[in-house]
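The structure under discussion appears below in the form of structure tokens.
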Amino acid sequence: MADCELLSGCLFFNDKMPMETGLGALFKKNYCQGDNSKCARYIVAKKLGRDKVPTNLYPNMFDEAEKLIAQG
Ligand code: SF4
């Protein structure tokens with residue numbers, strides 16, 4: 001799979017968010033360099049715009065992403 005097109009500048013990918021190292025690496029493999037269509041940050045960025053992605057939204061917070069989108 002291709003790398004996520006939002007890699008550059010993504011707070012999560014660039015280690016600007018606190019994350020346990022092993023878990024962070026796993027998320028990067030699964031989402032950033034795997035299937036970004038399931039990433040909460042990616043989903044919100046695509047639907048609402050990159051500036052609407054909360055700084056503390058982690059890739060696995062899919063439910064939270066759906067809530068944000070429902071709220072617009
Ligand atoms: S955290 Fe999500 S938006 Fe950021 S680079 Fe990874 S897949 Fe893309």
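The values are calculated or read from the model by the stated rules, or taken from the named source; none is laboratory data. What you are looking at is a predicted structure, and each value in this text was computed from that prediction instead of being measured. Neighbour counts are summed over all protein chains in view; Cβ atoms, including those assigned to glycine, are modelled from backbone coordinates with ideal geometry. Just the protein is used for accessible areas: all its heavy atoms, side chains included, with ligands, DNA and RNA removed. Shrake-Rupley method; radii C 1.70, N 1.55, O 1.52, S 1.80 Å.
Taking the criterion of being in a helix (DSSP H, G or I), within 11 Å of the ligand (Cβ to nearest atom), surrounded by fewer than 17 Cβ atoms within 10 Å (Cβ to Cβ) and in contact (Cβ under 8 Å) with a residue 24 or more places away in the chain, the residues of the stretch 31-61 that qualify are Lys38, Arg50.
Scanning the stretch 31-54 for residues that are of a type outside the set (D, E, K, R), within 11 Å of the chain's Cα centre (by Cα) and within 15 Å of Leu7 (Cα to Cα) yields a count of 11.
Could you tell me whether Glu66 is more than 8 Å from the ligand (Cβ to nearest atom), open to solvent by 50 Å² or more (accessible area, probe 1.4 Å) and at pLDDT 95 or above?
Details: more than 8 Å from the ligand (Cβ to nearest atom): yes; open to solvent by 50 Å² or more (accessible area, probe 1.4 Å): yes; at pLDDT 95 or above: yes.
Spelling it out, Glu66 is indeed more than 8 Å from the ligand (Cβ to nearest atom), open to solvent by 50 Å² or more (accessible area, probe 1.4 Å) and at pLDDT 95 or above.
Glu5 meets each of the listed conditions (1) open to solvent by 80 Å² or more (accessible area, probe 1.4 Å); (2) modelled with pLDDT under 95 apart from (2). For Met19, the conditions (1) among the aliphatic types (A, V, I, L, M); (2) in a loop (DSSP other than H, G, I, E, B); (3) exposed (fewer than 13 other Cβ atoms within 10 Å of the Cβ) are fulfilled apart from (3).
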